[in-house]
1. If we scan the range 123-139, do we find a residue that is under 20 Å from the mean Cα position of the chain (by Cα), within 19 Å of Glu98 (Cα to Cα) and at pLDDT 85 or above?
2. Residues to consider are Phe129, Phe114; find the one that is closer than 24 Å to Ala165 by Cα and part of a helix (DSSP H, G or I).
3. Among (1) buried (at least 20 other Cβ atoms within 10 Å of the Cβ); (2) free of Cβ contacts under 8 Å to residues at least 24 places away in the same chain; (3) among the small types (Gly, Ala, Ser), where does Ser145 come up short?
4. Name every residue in the range 51-90 that is farther than 22 Å from Ser162 by Cα, touching a helix residue (DSSP H, G or I) at 6+ places or on another chain (Cβ under 8 Å) and basic (Lys, Arg), in order of residue number.
5. Quick check: is even one residue across the range 29-36 open to solvent by 50 Å² or more (accessible area, probe 1.4 Å), in contact with a Leu (Cβ under 9 Å, 6 or more places away or on another chain), modelled with pLDDT of 80 or more and charged (D, E, K, R)?
6. Please find, among Ala86, Ala93, the residue that is over 18 Å from Lys176 (Cβ atoms), open to solvent by 20 Å² or more (accessible area, probe 1.4 Å), assigned to a helix (DSSP H, G or I) and not acidic (Asp, Glu).
7. Would a scan of the range 121-130 turn up a residue that is surrounded by fewer than 21 Cβ atoms within 10 Å (Cβ to Cβ), out of contact with any Leu (no Cβ under 9 Å at 6 or more places or on another chain) and among the acidic types (Asp, Glu)?
8. Applying the selection to the range 153-210, what residues are modelled with pLDDT of 85 or more, over 14 Å from Lys103 (Cβ atoms) and open to solvent by 30 Å² or more (accessible area, probe 1.4 Å)?
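The values are calculated or read from the model by the stated rules, or taken from the named source; none is laboratory data. From a predicted model like this one, the values you see are computed outputs, not experimental measurements. Cβ: placed from backbone, ideal geometry, glycine included. Neighbour counts: every protein chain shown. Just so you know, the surface numbers come from the protein's heavy atoms only, side chains and all, with ligands and any DNA or RNA stripped out. Shrake-Rupley method; radii C 1.70, N 1.55, O 1.52, S 1.80 Å.
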Amino acid sequence: KYEEAREAAERAKNLALSQKQQMLDSISDIEDNLATAEKYSDGTDNRVAKTRGLLDEAKSNIQDGKIKEGYNKLETARKESQEIVAASIKAYAAKKKEEAKNKVNDTDTALQAFPKEKIEKDPQAKSSFQTAEENISAAKEALKSANELYDQEKYQDSIKQSEEAIRLSDIVVEQKDSLLAMLSKAPANTRSAEIGNEDASDQTKDDLKD
């Protein structure tokens, strides 16, 4: 009987150790969620630190053999981390979508301010302008996709499309500056007014009057 009891105790001990390790091994998804939430919220979401503290308590409880207490805290931290990361990604997607919309609209407005008649007279300028128009059209399509994906709650994909719209708009800004230099016979590295300024279109027109 003593031997049986000893073996039973040994099995229980091994089972407890196995459960402890399994639980500790299962926390990676929680840590990943918190890291992602911290990234998208730019470290401004106080819930991340709170949940991370709860996770540390859970790990400490599990290490001390308080399996049930540690498990309950672990599951609470897991649920909270899922809610936090979902909210942070959605908020970031909305922010990025708005940034892309403003960038595309401002860039398009500035591009359309160029005098078409002057561009038509210069084959090289005409070709450059057409390329810029193609890129701004692609940026608009990316922005449209970002909006549609956001409405479908595909926030990660929406973020990628917003970033693509911004990237294409930045290319158009560079093309616009080169085109401005070309038409005004200025050095190629001359920069026009920043797209984000309210007077960007007027500045373009004024520069081309010279």
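1. Taking every residue of the range 123-139 in turn, at least one turns out to be under 20 Å from the mean Cα position of the chain (by Cα), within 19 Å of Glu98 (Cα to Cα) and at pLDDT 85 or above.
2. Answer to the check: Phe129.
3. Evaluating Ser145 over (1) buried (at least 20 other Cβ atoms within 10 Å of the Cβ); (2) free of Cβ contacts under 8 Å to residues at least 24 places away in the same chain; (3) among the small types (Gly, Ala, Ser) leaves (1) as the failure.
4. Arg52, Lys59, Lys73, Arg78
5. yes
6. Ala86
7. no
8. If the condition is that a residue be modelled with pLDDT of 85 or more, over 14 Å from Lys103 (Cβ atoms) and open to solvent by 30 Å² or more (accessible area, probe 1.4 Å), then Glu153, Lys154, Tyr155, Gln156, Asp157, Lys160, Gln175, Ser178 are the ones that fit.
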